1. Which of the lysines could be linked to residue 54 by a straight reach, that is with a Cα gap under 22 Å, when you skip same-chain ones fewer than 8 residues away?
2. Which longest uninterrupted range of the chain lacks any chymotrypsin sites (Phe, Trp or Tyr not before Pro) assigned by DSSP to a loop state (not H, G, I, E or B) and surrounded by at most 11 other Cβ atoms within 10 Å?
3. Give the carbon-plus-sulfur fraction of the accessible surface of segment 29-163 in %, rounded to a whole number; probe 1.4 Å, heavy atoms of protein chains only.
4. Which cross-chain or sequence-distant (5 or more) residues have an amide H under 5 Å from the amide H of residue 62, H modelled 1.01 Å from N in plane?
5. Modelled label-to-label distance, residue 77 and residue 390, 7 Å Cα→beta-carbon offset: nm?
6. Could you do me a favour and compute the accessible area per residue for the chain, 1.4 Å probe, result in Å²?
7. Ignoring the sites themselves, what is the longest stretch of the chain with no trypsin sites (Lys or Arg not before Pro) in a DSSP loop and at most 14 other beta-carbon atoms within 10 Å?
8. Run the reach check for residue 289 against lysines, Cα to Cα strictly under 22 Å, same-chain hits fewer than 8 apart removed. What comes back?
Amino acid sequence: MPAAVTIAQAEEVRKTSPEQAIPLYQTILANAGTGMSSVPCEGARNDQETALLKLAQCYRDLHRPNELAALIHDSRTLITSIPKAKTAKIIRTLIDYFSEIPNTLPLQIDVCKQTIQWTIQEKRIFLKQALETRLIALYLDNKMYSDSLALVATLLKELKKLDDKMVLVEVQLLESRVCHALRNLPKAKAALTSARTSANAIYCPPLLQAALDMQSGILHAEEKDYKTAFSYFYETLEGYSSLEDPRAISALKYMLLCKVMLNLSEDIQSILNSKVALKYRGIEVEAMKAIASAHQNRSLQEFEQALAAYRSELGNDPIIRNHLESLYDKLLEQNLVRVIEPFSRVEISHIAEIIKLPAQQVETKLSQMILDKTFHGVLDQGAGCLVVFEETPVDKTYDGALETMKNMANVVESLYEKASKLT
């Protein structure tokens, strides 16, 4: 069949030059199905589907988002002749190709909105819901949280009426992620609980189950329950690893982070030597090892060097960034307490020199620690000194008096009850 030959030729050309393969795929899309019958035959339709996806891949590889957007719009005529189940898969695949082209999030949102409008006109309800779920994820990536929550509320009402559990789980999981991004942890936990309840009623695909475990681990880590979070991240790593999903590296990083936060940095090497983790060794894992080493040595200087050396690996992930800020504060407090322990009066500049940090940063942290009652003291800003007070013993007279009065009340009550029985 000529079209099939052209597809084979186009595929050969695409391997060496995607640019030259584009007109070949465009020719197939224009010519396939033209012949004696006005309705494309099954073989011709399959050729068109193949050409459509291959052409989209060329645009993706060449980083041409505008041409890809135009292709999605122009392919609607072809898509109407394809069975609805296959249509949904093709459109989702075409929109997913945008994610591999950098800086195309706004365009991807626009294309998704336009395609949703088309599905409403064509009355393709299930495809509309799938695209709206995708749009919620895009809103989340673009930090358009209010738009995301508004769409979640509308979509949840529709899905509960249709009882479509699979999409319902995805939307509830996305709602949990949006609420977590807004730091509304109670609502994030409630949405995740709803998602898990819905997932228990159906067969949950491994990819979706891994995403649920990932979100559970993140929320437990927010509550400082790093032991439970570690077990969830381990399940996530196994789930993503079995499917060769690139998100497995994030799960491994979060596992290492939990060990650091639990002061169990010595366990990290044994985790990295495990069969599942070995294939993910790379710069991102090295970044977490550097943090673990700095924490184990209680060295602020090593910690800052690790943050500077692996800025993109540690700073671009908001989960790791938030926990490392907390870890840095904790490490700084421990270092300051250790430095000022021998002194009753010490210059702030001397403390800054010892821990190798700017004097202004040290002064700010010391004032915060005094307010938090980490130690007793005052800052003499005129002399640039810290005055540390002796820990005053707690006077237990007041507590003892309260305890005595409580016992006396119990005695009086007991005597009153016995006197009542005698009369």
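The values are calculated or read from the model by the stated rules, or taken from the named source; none is laboratory data. Fair warning: this is a prediction, and the values are worked out from it, not measured in the lab. Counting neighbours? That spans all protein chains shown, and the Cβs are built from the backbone with ideal geometry, glycine included. Note: accessible area is taken over every heavy atom of the protein model, side chains too, but ligands, DNA and RNA are not part of it. Shrake-Rupley method; radii C 1.70, N 1.55, O 1.52, S 1.80 Å.
1. Straight-line reach from residue 54, under 22 Å: 15, 84, 86, 89.
2. On the way: sites that count: 203, 389.
Here the longest segment lacking exposed loop sites spans 1-202.
3. Numbers: 3670 of 6900 Å².
Here carbon and sulfur together make up 53 percent of the probe-accessible area.
4. none
5. For the pair residue 77/residue 390, the computed spacing is 9.4 nm.
6. 55 Å²
7. The longest such stretch corresponds to 1-122.
8. 224, 227, 253, 259, 275, 279, 330
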